[in-house]
Each structure stands twice: as C-alpha cells, then as structure tokens.
Amino acid sequence: MVRIYLSEGRDHYERVVNWLYEDNRVQGVSVFRAIEGFGDARNIQTSSLMDLSLELPVVIEFFDRPDVISQVLEQVQSMVKTDHIISWSAQSGI
C-alpha cells in the first residue's frame, strides 16, 4: 500500500495518476482531496466558500503486490519528493 501527499495546484498529481494508469502498472488508484490542511510552508489551505484554495492537500493511494510496488516506487520517487511518500504492507482478500 502506498500513499503520496501532494498539493493540488503545485504538484500535478494527475501526472502521477496517469503514469500509474498506463500499462496497468498497479491494481488500483484513488485520489482524495482534503477540505483543509497545511504542508511544509505551514500555511493553512481550506475549501471554505470565502477562500476557495487551489492549493488543497491531495492524497494518491494505490496498492499492488510487493514486487510491483517496489518497481513502481523507483519511478514515483523521481516524480515527487520522497518524504511525501509512505508505504506499508497490507493484506487483501482473506
């Protein structure tokens, strides 16, 4: 399981999702858009009606077999900051 933390307007998360989609690289991908958050710059971004930010946090989450994830992560790490990527073992289909 892999989770990547990005910023909606700055990080071009679509590029990562499209790359993961190409050639069936991973089994599944979900993108979550936060309603509020902050990052390295410590500026709070919010989705309130008064302040519609284009810099909201976005999380890309995907999964596959460990061998596939290892290969995919090598490329993903060249696309985004490595400290914005976390991964852990997961089990599906018990």
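Would you please name the residue that is nearest to SER92 (Cα to Cα), looking only at residues in region 1-27 that are of a type outside the set (D, E, K, R) and in a strand (DSSP E or B)?
Quick first cut of region 1-27, residues of a type outside the set (D, E, K, R) only: 1-2, 4-7, 9, 12-13, 16-21, 24, 26-27.
Filter once more, so that each one left must be in a strand (DSSP E or B): 2, 4-7.
Numbers: VAL2: 14, ILE4: 20, TYR5: 23, LEU6: 26, SER7: 29 Å.
The qualifying residue nearest to SER92 (Cα to Cα) is VAL2.
Based on this model, can you work out whether SER30 counts as at pLDDT 75 or above, part of a loop (DSSP other than H, G, I, E, B) and in contact with a strand residue (DSSP E or B) (Cβ under 8 Å, 6 or more places away or on another chain)?
So SER30 does not fit the description; no.
Residue pairs, Cβ under 7 Å, 6 or more apart or interchain, first in region 15-32 and farther than 17 Å from VAL58 by Cα, second part of a helix (DSSP H, G or I) and modelled with pLDDT of 90 or more. List them.
So the pair list comes out as ARG25/VAL72; VAL26/LEU20; VAL26/VAL68; VAL26/VAL72.
The values are calculated or read from the model by the stated rules, or taken from the named source; none is laboratory data. Being a predicted model, the structure only gives us computed values, none of them experimental. Note that each Cβ is placed from the backbone with ideal geometry, even for glycine, and that neighbours are counted across all protein chains shown.
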